[in-house]
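Before any comments, here is the structure.
The values are calculated or read from the model by the stated rules, or taken from the named source; none is laboratory data. Since this is a predicted model, take the numbers as computed values, not measurements. Counting neighbours? That spans all protein chains shown, and the Cβs are built from the backbone with ideal geometry, glycine included. Keep in mind that these areas ignore ligands, DNA and RNA; they rest on the heavy atoms of the full protein, side chains included. Shrake-Rupley method; radii C 1.70, N 1.55, O 1.52, S 1.80 Å.
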Amino acid sequence: MTDLSMSSSSARLSTAVPVSAQSVAENETIDASSAAKNPAKKRPLHKQLVFALFMTGGMVTLMSLYNMALHTGFRFTVAEWLMALFLRWPIAFATSLTLGDFVAKRLLMPLVRKVAAPNGWIASHLMPFCKVNAMVPFMTLFASLLSVGVSSDLLPLWAFMYVTTLPAALAANVLLVGPAARKLYSLVFGEKF
């Protein structure tokens, strides 16, 4: 009498064909390279958070230095700059993950993708433009509130800060902080961002 109680998985295991280690390594390489080329695959959350820390840290460092120099004529101490930096960095990080991502990815990028190929070179290079345009209004409002509080000077100061900060933020993001953050990311995780 034949025992029919054998599960189908154990039957498949007994008839499995041996595969060389080299074939497995080639498949892993192919899978890793196809994952790197496929932008539709989302990065793990911890990697996204680390990259956001790199980007916001670099942007807040440069932009707080820029704005303090612009508004004081380089008459500030390192302690004042560091206080501004550490006050604004958590706000920029939280804003980047919430409001910045929502406005940039959900509102501005769909407009860009109508003009450019959905995952093409143009769309990927316009993402910093979208992100900066999403972040600068909020961050300049926050800085204006810190400077003058809720007063009659708030709107004129905010408008001035927005107009003077946006071009500098775009240049800093595209030319300095973005490449530096991607380089740091590749050093930490061994892969391109």
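Examine the range 47-69 for a residue that is modelled with pLDDT under 90 and among the aromatic types (Phe, Trp, Tyr), and state whether such a residue exists.
The answer is no, given that none of the residues of the range 47-69 is modelled with pLDDT under 90 and among the aromatic types (Phe, Trp, Tyr).
Every residue, every condition in (1) farther than 22 Å from residue 171 by Cβ; (2) open to solvent by 30 Å² or more (accessible area, probe 1.4 Å), yes or no:
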{"position": "70", "(1), (2)": "no, yes"}
{"position": "79", "(1), (2)": "yes, yes"}
{"position": "88", "(1), (2)": "no, yes"}
{"position": "97", "(1), (2)": "yes, yes"}
{"position": "106", "(1), (2)": "yes, yes"}
{"position": "114", "(1), (2)": "yes, yes"}
{"position": "140", "(1), (2)": "no, no"}
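Read through the list (1) open to solvent by less than 70 Å² (accessible area, probe 1.4 Å); (2) under 17 Å from the mean Cα position of the chain (by Cα), then give the number of the only condition that residue 168 fails.
Among (1) open to solvent by less than 70 Å² (accessible area, probe 1.4 Å); (2) under 17 Å from the mean Cα position of the chain (by Cα), the lone unmet condition for residue 168 is (2).
Could we say that residue 181 is closer than 22 Å to residue 42 by Cα and at pLDDT below 90 here?
The answer is no for residue 181.
Condition check ((1) in a helix (DSSP H, G or I); (2) over 19 Å from the mean Cα position of the chain (by Cα); (3) not hydroxyl-bearing (Ser, Thr, Tyr)) across all residues:
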residue	(1), (2), (3)
42	no, no, yes
53	yes, no, yes
60	yes, no, yes
65	yes, yes, yes
76	no, yes, yes
88	yes, no, yes
92	yes, no, yes
97	yes, no, yes
103	yes, no, yes
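Before we move on, is residue 88 touching a Leu at 6+ places or on another chain (Cβ under 9 Å), of a type in the set (Lys, Arg) and modelled with pLDDT of 85 or more?
Answer is yes for this residue.
Condition first: closer than 20 Å to residue 134 by Cα and either touching a residue at least 60 places away in the same chain (Cβ under 8 Å) or in contact with an Asp or Glu (Cβ under 7 Å, 6 or more places away or on another chain) (or both). Now tell me which residues in the range 153-181 satisfy that.
If the condition is that a residue be closer than 20 Å to residue 134 by Cα and either touching a residue at least 60 places away in the same chain (Cβ under 8 Å) or in contact with an Asp or Glu (Cβ under 7 Å, 6 or more places away or on another chain) (or both), then 161, 164, 165, 168, 169, 172, 173, 176, 177, 178, 181 are the ones that fit.
Please go through the range 72-100 and give me each residue that is in contact (Cβ under 8 Å) with a residue 24 or more places away in the chain and either under 23 Å from residue 159 (Cα atoms) or of a type in the set (Phe, Trp, Tyr) (or both), ordered by number.
If the condition is that a residue be in contact (Cβ under 8 Å) with a residue 24 or more places away in the chain and either under 23 Å from residue 159 (Cα atoms) or of a type in the set (Phe, Trp, Tyr) (or both), then 85, 87, 88, 89, 91, 92, 93, 95, 96, 99, 100 are the ones that fit.
Can you find a residue that is open to solvent by less than 70 Å² (accessible area, probe 1.4 Å) and assigned to a loop (DSSP other than H, G, I, E, B) anywhere in the range 171-189?
The answer is no; no qualifying residue exists.
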